[in-house]
Amino acid sequence: MKVLLLKDVYKLGHAGDVKKVADGYGRNYLIPRGLAALATKSVLAQSEAVRTAADKQRTTLNAEMSGLAEKINGLTLRFPAKAGDTGKLYGSITTQHLAEAIERAIGEKIDRRNIGHQPLRELGTFKVQVRLTADLLPQVNVLVYREGQAIEAAAPAPAPAAEAVEAVEAEATAAEATVAEAAAAEVTASE
């Protein structure tokens with residue numbers, strides 16, 4: 001069945017779009033909740049007006065939420081957890097835990113359904129998206145470390161690229177010097 005979306009529907013489309021959906025999804029979910037209308041000629045004539053109004057509303061909502069997105073983007077959340085020798089957690093860090101931690105960090109309530117990640121079940125560092133609007137998707141860094149372990153030990157310290165390049169160059173120079181010394185020793189020995 002074809003429907004005209006009256007509101008933005010996550011993973012389906014924006015208001016004003018005409019989409020083909022399964023009959024049951026349209027009849028039992030979208031239409032009763034006021035998210036869509038059956039695509040008839042009279043309804044399709046209104047599609048541009050619906051799209052314009054929704055774009056205006058989406059723009060104002062994005063402007064309101066952009067400050068919140070800046071607070072959330074790049075935020076690092078740390079969770080101590082009990083884990084086995086292989087790094088698997090005894091339990092998990094759920095979206096509810098993430099939402100509560102974000103709320104404590106920034107002072108704004110975030111719905112757990114807007115956090116796009118499966119429960120975390122192992123130690124490590126993860127990037128998790130928070131869906132504020134269809135267009136604003138800030139990312140949060142989540143560090144899950146073993147209970148009782150220092151946070152620095154849990155997070156692998158990334159070596160800066162410049163230092164890594166210098167270390168490789170130093171090793172190459174040392175290897176070249178060793179080869180040159182060996183060649184000089186052979187020349188001296190053969191004379």
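The values are calculated or read from the model by the stated rules, or taken from the named source; none is laboratory data. What you are looking at is a predicted structure, and each value in this text was computed from that prediction instead of being measured. All Cβ positions, even for glycine, are placed from backbone atoms using ideal geometry, and neighbour counts span all protein chains on display.
Here are some notes:
- Meets criteria (at pLDDT below 90, among the hydroxyl-bearing types (S, T, Y) and touching a strand residue (DSSP E or B) at 6+ places or on another chain (Cβ under 9 Å)) for S92: no
- Matching residues, segment 13-32, being touching a residue at least 12 places away in the same chain (Cβ under 8 Å) and touching a strand residue (DSSP E or B) at 6+ places or on another chain (Cβ under 8 Å): H14, A15, G16, D17, V18, K19, K20, V21, G26, L30, I31
- In segment 98-116, the residues that are part of a helix (DSSP H, G or I) reach residues that are aromatic (F, W, Y) and surrounded by 13 or more Cβ atoms within 10 Å (Cβ to Cβ) with C-beta atoms within less than 9 angstrom, at least six apart or across chains, in these pairs: L98/F79; A101/F79.
- Number of positions in segment 26-65 that are under 30 Å from G124 (Cβ atoms) and surrounded by fewer than 16 Cβ atoms within 10 Å (Cβ to Cβ): 0
- Residue list for segment 82-97, restricted to those being surrounded by 18 or more Cβ atoms within 10 Å (Cβ to Cβ) and assigned to a strand (DSSP E or B): A83, L89, I93
- Test: V140 is crowded, with 16+ Cβ neighbours inside 10 Å, hydrophobic (A, V, I, L, M, F, W, C) and closer than 24 Å to A15 by Cβ: no
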